1. Test residue 275 against the criterion of being in a helix (DSSP H, G or I), buried (at least 16 other Cβ atoms within 10 Å of the Cβ) and at negative phi, and give yes or no.
2. Let me confirm something: among 197, 215, which residue is modelled with pLDDT of 90 or more and crowded, with 19+ Cβ neighbours inside 10 Å?
3. Do any residues in the stretch 70-85 that are modelled with pLDDT of 90 or more have Cβ atoms under 7 Å from those of residues that are buried (at least 22 other Cβ atoms within 10 Å of the Cβ) and charged (D, E, K, R), where the two are at least six apart or on different chains, and which pairs are they?
4. Could you tell me which numbered condition residue 8 fails, if it satisfies all but one of (1) over 27 Å from residue 244 (Cβ atoms); (2) modelled with pLDDT of 90 or more; (3) buried (at least 21 other Cβ atoms within 10 Å of the Cβ)?
5. Out of (1) without any contact (Cβ under 8 Å) to a residue 60 or more places away in the chain; (2) over 19 Å from the mean Cα position of the chain (by Cα), the odd one out for residue 130 is which?
6. On the given criteria, is residue 179 over 25 Å from residue 97 (Cα atoms) and either surrounded by 19 or more Cβ atoms within 10 Å (Cβ to Cβ) or among the basic types (Lys, Arg) (or both)?
7. So which residues in the stretch 223-272 are among the basic types (Lys, Arg) and either buried (at least 18 other Cβ atoms within 10 Å of the Cβ) or within 30 Å of residue 187 (Cβ to Cβ) (or both)?
Amino acid sequence: MLLAFVWSIAVLTLFVQKRYGVKVVGTITMPLAALGIILMQLLPSDIHPLVPALQSTWLHIHVTLAMLSYAACAVSFALAMMFLIQDNMRTESFLANTSVFVSLIYAAIITRFAEGGLKVAAFDPQSNSEFIIQRGQSLMVVIPNLGWMFLLAMIVTLVPTGLYFWGWFAGDENKYRMADAAFFVGMLFQVLATAAFITRARDGAYPSPMADGLFATRLSTSPFILSGLIAGLMASLLYLMLKWRREGLQEMLPSAGRLDSRTYKTIGIAFPLLTLMIAAGA
C-alpha cells in the first residue's frame, strides 16, 4: 500500500515536471515519498487474512483510489507551496510556519511523556513485532530522561514563532534575525533528539510500568515517532534551502499565475478521486 503511494507520487511528480515545466516540484514531493519508504521499512510486513467483511473487490478499488488521491494531494500541496514562494510570501512567514509544524510534531510525541521518560512500545522477539499483552493493547516501556529532551526540543523549536510575532507586532526587523538564529538552535536540538531516540530505542532494554522486568525496544515498534522526527528535520532543511536559495528558486519556477492554475487543476483531480475512494469504501 505504501509502495503504491510512493510510486504514485513519483509518477505524478514526473508528469508535472514534464507537462507543466515545474522542474523543482520534487524538492517537496520526494521527501514525502522518502517518509513513505521509511514507514514501509519499519511497519510490520506480516501478511494476515482479511476478515470476511473486507474480502471484496471494492476494497482493492478503494485502496487504489486512496493511493492515487493522496499522491495527487501531495503534488497539489507542493505546487501550492511554490505558488506562495512566487507570490512573494515573506521568508519569515515560512520560518514561523515551519517552526509551528515542528513544534506540533514534538507536542504529539510528548503525549507519551512519563516521569521524565518517553513511553514506547516494547518489542517481542518471538513475534518480531510489538509486545501485545492483550487484544489491542501493547506493553509500554519507559526510556528514562528522553521525555525531558523532547519537551525541551518542543519549547526551543517554538521560540522562532514567538520571535516572529514579536517582530511583526513591534515592526522590528531585528526580531526576525533573532528568529533565524533561534531556528538554527532548534535544528540542533532536533538533531540531538533524533539521534538520542535512534540510539536508545534501536536496541535497548527498559522497565515497564505495566509489568516487572526489562523489555526490549526496537525502532520498528515506534515507526511514527521516528517518521515524525525525520519529517521535522526535512521541513527544517527545506526552509533553509528556501532562505539561502530563494532568488535562484524563483527564477526556476513558472509565474505565480501559472502555478495557481496548476494547483487548482491538480486539486481538481485529487478531490474527485477522494470522493470515489470514500464511496468505494462505504
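The values are calculated or read from the model by the stated rules, or taken from the named source; none is laboratory data. None of the values given here were measured: they were computed from a predicted structure. Virtual Cβ from ideal backbone geometry, glycine too; neighbours counted across all protein chains shown.
1. On the way: in a helix (DSSP H, G or I): yes; buried (at least 16 other Cβ atoms within 10 Å of the Cβ): no; at negative phi: yes.
Criteria not met by residue 275.
2. Details: 215 fails: modelled with pLDDT of 90 or more.
The conditions single out 197.
3. 79/262
4. Condition (2) is where residue 8 drops out.
5. (1)
6. Details: over 25 Å from residue 97 (Cα atoms): no; either surrounded by 19 or more Cβ atoms within 10 Å (Cβ to Cβ) or among the basic types (Lys, Arg) (or both): yes.
No: the conditions fail for residue 179.
7. Step one: of the stretch 223-272, the residues among the basic types (Lys, Arg) are 243, 245-246, 258, 262, 265.
Correct list: 243, 245, 246, 262.
Here's the yes/no breakdown for (1) assigned to a helix (DSSP H, G or I); (2) more than 23 Å from the chain's Cα centre (by Cα):
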{"position": "178", "(1), (2)": "yes, yes"}
{"position": "181", "(1), (2)": "yes, yes"}
{"position": "205", "(1), (2)": "no, yes"}
{"position": "229", "(1), (2)": "yes, no"}
{"position": "232", "(1), (2)": "yes, no"}
{"position": "237", "(1), (2)": "yes, no"}
{"position": "251", "(1), (2)": "yes, yes"}
{"position": "259", "(1), (2)": "yes, yes"}
{"position": "267", "(1), (2)": "yes, no"}
